[in-house]
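Right, one structure below, let's go through it.
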Amino acid sequence: RSNARFESQRQRGWQADGQGNASAARSGSLSGANGGNAGYDRSAYRNADGSAGRQGSAYANGPNGGTASTSGISRDADGNVTGARSTTATGANGNSYTGSTTVSDGTLVHTRNCTNAAGDAIACPRGH
């Protein structure tokens, strides 16, 4: 789809084998007339043994900065869950944020770091 303000694309698909295994994927992108762009990719699966998972990524960029994120989570046939998500963002002033969250064996861990435009560590602002 496109017009004078943007152009976009989307794709999706899925498949199953009749034995209890299935997977799906989708993706999309968008480009704006003013130079901004965004996109995503996602996929998921489920197996007959009960294991399942999903993963994805997304990004957005514009004149005021940009952000990107990746994530994935899975459950094995015994019900054990592991996963991770990471995010980076840069503001118009050059300050940046990098954060990650992981889960494994029921333990959740989050780390984050922020830097200014010169690369010096700064305090990460708290959301409201």
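The values are calculated or read from the model by the stated rules, or taken from the named source; none is laboratory data. Computed from a predicted model, the values in this text were never measured in an experiment. No Cβ is skipped: glycine too gets one built from the backbone with ideal geometry, and neighbour counts run over all protein chains shown. Calculation scope for accessible area: heavy atoms of the full protein, side chains included, ligands and nucleic acids excluded. Shrake-Rupley method; radii C 1.70, N 1.55, O 1.52, S 1.80 Å.
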> ³J(HN,Hα) across the stretch 105-113 via Karplus (A = 6.51, B = -1.76, C = 1.60, θ = phi - 60°), whole Hz, x for Gly/Pro?
Replying inline: 6, x, 9, 9, 10, 10, 10, 8, 9
>> Please report the equivalent ellipsoid semi-axes of the stretch 54-123, computed as sqrt(5 x eigenvalue) of the Cα gyration tensor, largest first, in whole Å.
In response: 30, 15, 5
> With a sphere of radius 14 Å drawn around the Cβ of THR82, what net charge do the other residues whose Cβ falls strictly inside it have (Lys, Arg +1; Asp, Glu -1)?
Replying inline: 0
> For the stretch 52-60, in order, what is each residue's ³J(HN,Hα) by Karplus, 6.51 cos²θ - 1.76 cosθ + 1.60 with θ = phi - 60°, in whole Hz (x at glycine and Pro)?
Replying inline: 7, x, 8, 8, x, 8, 8, 8, 8
> Of all accessible surface on the chain at a 1.4 Å probe, what whole percent is carbon and sulfur?
Replying inline: 49 percent
> Near the amide H of GLY36, under 5 Å away, which other amide H atoms are found, from residues 5 or more places off or on another chain, if H is placed in the peptide plane?
Replying inline: none
>> Using a Gaussian network model on the chain with a 10 Å cutoff between Cα atoms, which of ALA22, ALA38, ALA84 fluctuates the most?
In response: ALA22
> How much area per residue is accessible in the chain when the probe is 1.4 Å and only protein heavy atoms are counted (Å²)?
Replying inline: 71 Å²
> Taking a label point 7 Å from the Cα of SER27 along the Cα→Cβ vector, which residues of the stretch 45-77 have an amide N closer than 16 Å to it?
Replying inline: 55-60, 69-71
>> Please give the Cα centre distance for the stretch 50-68 versus the stretch 87-128, rounded to the nearest Å.
In response: 15 Å
>> Of ALA92, PHE6, ALA24, which is farthest towards the positive pole of the chain's charge dipole, taken about the Cα centre with +1 and -1 on the beta-carbons of Lys, Arg and Asp, Glu respectively?
In response: PHE6
>> What distance in nm lies between label points placed 7 Å from Cα along the C-beta direction at GLN11 and ASP49?
In response: 3.0 nm
> Looking at the stretch 24-128, which trypsin sites (Lys or Arg not before Pro) are DSSP coil and have at most 16 other C-beta atoms within 10 Å of their C-beta?
Replying inline: ARG126
>> Quick one: 3J(HN,Hα) in Hz for the stretch 34-42, Karplus 6.51/-1.76/1.60 with θ = phi - 60°, rounded, Gly and Pro as x.
In response: 8, x, x, 8, 8, x, 8, 9, 9
> Expressed as cubic angstrom per residue, what is the convex hull volume of the alpha carbon set of the stretch 18-83?
Replying inline: 47 Å³
>> Expected output is a single nm value to one decimal: the length gained when fully extending between ASP41 and ALA84, i.e. 0.36 nm times separation in residues minus the C-alpha distance. What is it?
In response: 13.9 nm
> For log10 I(q)/I(0) by the Debye sum over Cα atoms at q = 0.18, 0.22 Å⁻¹, the choices are (1) -1.05, -1.65; (2) -1.06, -1.21; (3) -0.94, -1.16; which was calculated from the structure?
Replying inline: (2)
